[in-house]
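Have a look at the structure below, then the notes.
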Amino acid sequence: MPEYSLISRIGSLKLESPLILASGILDENGYTMKRILEEGAAAVVTKSIGSVERPGFTPPVVAEMDDDLLNAIGLSNPGIDHFGGEIFIARSIGKPVIGSIFGATAEEFSSLASKMQSYGADAVELNLSCPHVKGVGSEVGSDPALVEEIVGEVKSKVSIPVFAKLTPNVTDVVAIAKAASRADALVLINTVRAIHIDIYARKPTLSNAYGGLSGPAIKPIGVRAVYDVYKETGKEIIGCGGISGFEDVMEYMMAGARAVEIGTALKTSGRSIFDRIKKDIISFMKSERIESLEEIIGAGVSR
C-alpha cells in the first residue's frame, strides 16, 4: 500500500501539505495564527505589515455577498516595530510563518523584509497587489520596472525566501511576473478591484467605495493567472483565490501551483477547512493512483 505524500516545497521552504493560510484572515495576532497552525494549516501568512501603524479605513469596510467578500480594510496594522512578538508566538508550534509586507519604495520593502527576517519569519511575502490603497499595493505592483527593483532590492538584503504577491488588476500579469523573476516564488492572485452599490442608500456600500473581491467568484481568474504565468515562465507559484475544497486545490496545482493559500472560505467552513481538504486530497490521490503531488503540478497546462 503506497504512502500518499502531501509534502510541498516552495524554494527552500518545506511544507507538510500545500495548504497555507492567506494574508488578511485571522493573522494579526500570534495566538490566532498559532491556533490555525495547530488545526491543520501547513503555514500562515501574516497580515500585511507596513513601516508604521495604520488605522485603515472607517467602517463599513466589509460587504458579504453569499460566499464572497468585498473588503476595503485599508491595510490596517500595528507597524513593523510592534509585530515581532506575534511572529515569535506563531512560530512556537514549529511550522513556517511567512511575513507579509507592503510599502511604496524598494528601500521601504527591503527594510521591512530585513526586520521580518530578524523576527524569525521563515519567508517574506511582498504585497504588490492590494487593490484599494493609494500609493502602495497594486499601484506599485502594476509598474514592471518598480516590481523588478523591489524584488531585486529585497533579495539582496535577506536570506529567507522571497515571495511576490501579484495583482490580477493589470492587462498583462505575465509581464509583471517576468519583472518579479528574482523572487523565489510568485503568489497569484490577490483580490480583484470591485464595487458594490447599496441600492437603498444609493451609494457604494464600502466607505472607500472600491474594495477587493475575494471568494469563489474570482477562482477562474486566479487559475487563469497561474496557468498563464506557469506556461510562460515555469516559476514556482502559490495559488490563491476562491479555494474552498480539494477540487479547487487540484485545479490550481494542475494549472502550475505548488501550494495554495486559503482565506475567505474560513468564513463559512471555519478553521477545520485545512484538515478537511487534506483528507479529501488523500482520497482523491488514492482514487486517481497519485502517490505524490509533484505528479500533478502543471499537469493541466498545454505546452
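Out of GLU153, GLU125, which single residue is at pLDDT 95 or above, under 19 Å from the mean Cα position of the chain (by Cα) and either surrounded by fewer than 19 Cβ atoms within 10 Å (Cβ to Cβ) or not in a loop (DSSP other than H, G, I, E, B) (or both)? Explain how you work it out, then say what you get.
Numbers: GLU153 fails: under 19 Å from the mean Cα position of the chain (by Cα).
Exactly one residue qualifies, and that residue is GLU125.
LEU75 - would you say it is in a helix (DSSP H, G or I) and in contact with a strand residue (DSSP E or B) (Cβ under 7 Å, 6 or more places away or on another chain)? If you could, list the steps in order and put the result at the bottom.
On the way: in a helix (DSSP H, G or I): no; in contact with a strand residue (DSSP E or B) (Cβ under 7 Å, 6 or more places away or on another chain): yes.
When the stated conditions are applied, LEU75 does not pass them.
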Enumeration of residues in region 263-295 that are buried (at least 16 other Cβ atoms within 10 Å of the Cβ) and not in a helix (DSSP H, G or I): GLY263, THR264, ALA265, ARG271, ILE290
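Yes or no, residue by residue, for (1) closer than 25 Å to ILE10 by Cα; (2) buried (at least 17 other Cβ atoms within 10 Å of the Cβ); (3) at pLDDT 95 or above:
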residue: LYS34; (1), (2), (3): yes, yes, yes
residue: GLU38; (1), (2), (3): yes, no, yes
residue: ALA41; (1), (2), (3): yes, yes, yes
residue: GLU86; (1), (2), (3): yes, yes, yes
residue: THR105; (1), (2), (3): no, no, no
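Answer with yes or no whether ALA175 is surrounded by fewer than 16 Cβ atoms within 10 Å (Cβ to Cβ), touching a residue at least 12 places away in the same chain (Cβ under 8 Å), assigned to a helix (DSSP H, G or I) and of a type in the set (A, V, I, L, M). Working first, answer last.
Working: surrounded by fewer than 16 Cβ atoms within 10 Å (Cβ to Cβ): yes; touching a residue at least 12 places away in the same chain (Cβ under 8 Å): yes; assigned to a helix (DSSP H, G or I): yes; of a type in the set (A, V, I, L, M): yes.
When the stated conditions are applied, ALA175 passes them.
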The one condition in (1) touching a Gly at 6+ places or on another chain (Cβ under 6 Å); (2) among the β-branched types (Val, Ile, Thr); (3) assigned to a strand (DSSP E or B) that ILE238 fails to fulfil: (1)
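Mind telling me which of the residues ALA299, ALA257 ends up being at pLDDT 95 or above, part of a loop (DSSP other than H, G, I, E, B) and surrounded by 24 or more Cβ atoms within 10 Å (Cβ to Cβ)? So that I can check it myself, show each step before the final result.
Values: ALA299 fails: surrounded by 24 or more Cβ atoms within 10 Å (Cβ to Cβ).
Answer to the selection: ALA257.
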ALA90 being within 20 Å of the chain's Cα centre (by Cα) and crowded, with 24+ Cβ neighbours inside 10 Å: yes
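The values are calculated or read from the model by the stated rules, or taken from the named source; none is laboratory data. Everything numeric in this text was worked out from a predicted model, so none of it was measured. All Cβ positions, even for glycine, are placed from backbone atoms using ideal geometry, and neighbour counts span all protein chains on display.
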